[in-house]
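> Handing you this structure, nothing more for now.
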């Protein structure tokens, strides 16, 4: 297959995960945006939960920095509820509430990108269709996810290892993260090859956390070594695979690459090991 194209996207702006001693939300955001710039990454979308800026007022400037760095904001709901566990009307209200924050910080840039918290599109197809209709009426595109590495598993471990000044453990954590980034992309490519016979552009889910910012230059470098080219979410969404995400008024597609394979009775390969037991035991 041709060299893969990857979109980097970031969830939970301006606050994600535990804040290690001596770190600030602005420091994390600056490290991350500097890495994006240094890596030559096209403008990316950061999906916002406005409640973060209320709970941690010092984090609010993160949103201004993100936009001033040339990136876009998107809607991740106000408080990150799961759609499956929330009445649709309440979920719509939660989504609308977040728009005030987006208008305040996005300036003239387009913030009509939506990402489901927990990538949870609803408890059943009826709820899924109901909320998709709301998104279509509200002018949103859906920033879905087609690759990742469960990056949210790492910041709390990183904070523990920093607190213990355990450099060897941090080096091991870095190696695990990079390996998981490679495995995640390889798995998504395997799914796409089985489904289409070629690569789609892969939309990668990351978060604005301490360890993610620390590792971003290394992930970008490793992906470039693998032949990855980085593109914008806007460009990726022109691929036919994403048609029903670019236009939520279209019938809902299968929920992800695995489900698309299952719908065609194509065997779904085994996914990567997330090494949860090992991560949970580190630096305890």
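Readers should treat all values here as calculations from the given coordinates under stated rules, not as data from a laboratory. Remember, predicted model here, so these are calculated numbers, not experimental data. Cβ atoms come from the backbone with ideal geometry, glycine included; neighbour counts cover every protein chain shown.
Let's see how each residue does on (1) in contact with a helix residue (DSSP H, G or I) (Cβ under 8 Å, 6 or more places away or on another chain); (2) more than 18 Å from residue 24 (Cα to Cα):
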position	(1), (2)
161	yes, no
166	no, yes
170	yes, yes
209	yes, no
212	yes, no
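> I want to confirm something. Restricting to the stretch 55-95 and keeping residues that are without any contact (Cβ under 8 Å) to a residue 24 or more places away in the chain and not in a loop (DSSP other than H, G, I, E, B), which single residue is surrounded by the most Cβ atoms within 10 Å (Cβ to Cβ)?
We begin by selecting, within the stretch 55-95, every residue without any contact (Cβ under 8 Å) to a residue 24 or more places away in the chain; these are 57, 68, 86-87, 89-90, 93-94.
So of that shortlist, the ones also not in a loop (DSSP other than H, G, I, E, B) come out as 57, 68, 89-90, 93-94.
Numbers: 57: 9, 68: 12, 89: 11, 90: 11, 93: 13, 94: 21.
Out of the qualifying residues, it is 94.
> Take the stretch 136-172 and flag every residue that is farther than 25 Å from residue 7 by Cβ and either within 22 Å of the chain's Cα centre (by Cα) or free of Cβ contacts under 8 Å to residues at least 12 places away in the same chain (or both).
The initial filter retains those residues of the stretch 136-172 that are farther than 25 Å from residue 7 by Cβ, namely 137, 156-157, 159-172.
Answer for the stretch 136-172, where residues must be farther than 25 Å from residue 7 by Cβ and either within 22 Å of the chain's Cα centre (by Cα) or free of Cβ contacts under 8 Å to residues at least 12 places away in the same chain (or both): 137, 156, 157, 159, 165, 167, 168, 171.
> Just a yes or no: is a residue in the stretch 254-268 without any contact (Cβ under 8 Å) to a residue 12 or more places away in the chain, touching a helix residue (DSSP H, G or I) at 6+ places or on another chain (Cβ under 7 Å) and not in a helix (DSSP H, G or I)?
yes
> Could you check, for the stretch 232-252, whether at least one of its residues is in a loop (DSSP other than H, G, I, E, B), free of Cβ contacts under 8 Å to residues at least 24 places away in the same chain and over 27 Å from residue 32 (Cβ atoms)?
Yes, because at least one residue in the stretch 232-252 is in a loop (DSSP other than H, G, I, E, B), free of Cβ contacts under 8 Å to residues at least 24 places away in the same chain and over 27 Å from residue 32 (Cβ atoms).
> While we're looking at this one, here's another question. Being over 21 Å from residue 79 (Cβ atoms), out of contact with any strand residue (DSSP E or B) (no Cβ under 9 Å at 6 or more places or on another chain) and surrounded by fewer than 20 Cβ atoms within 10 Å (Cβ to Cβ) is the filter here; which residues of the stretch 21-54 pass it?
If the condition is that a residue be over 21 Å from residue 79 (Cβ atoms), out of contact with any strand residue (DSSP E or B) (no Cβ under 9 Å at 6 or more places or on another chain) and surrounded by fewer than 20 Cβ atoms within 10 Å (Cβ to Cβ), then 21, 22, 23, 24, 26, 27, 30, 31, 34, 37, 38 are the ones that fit.
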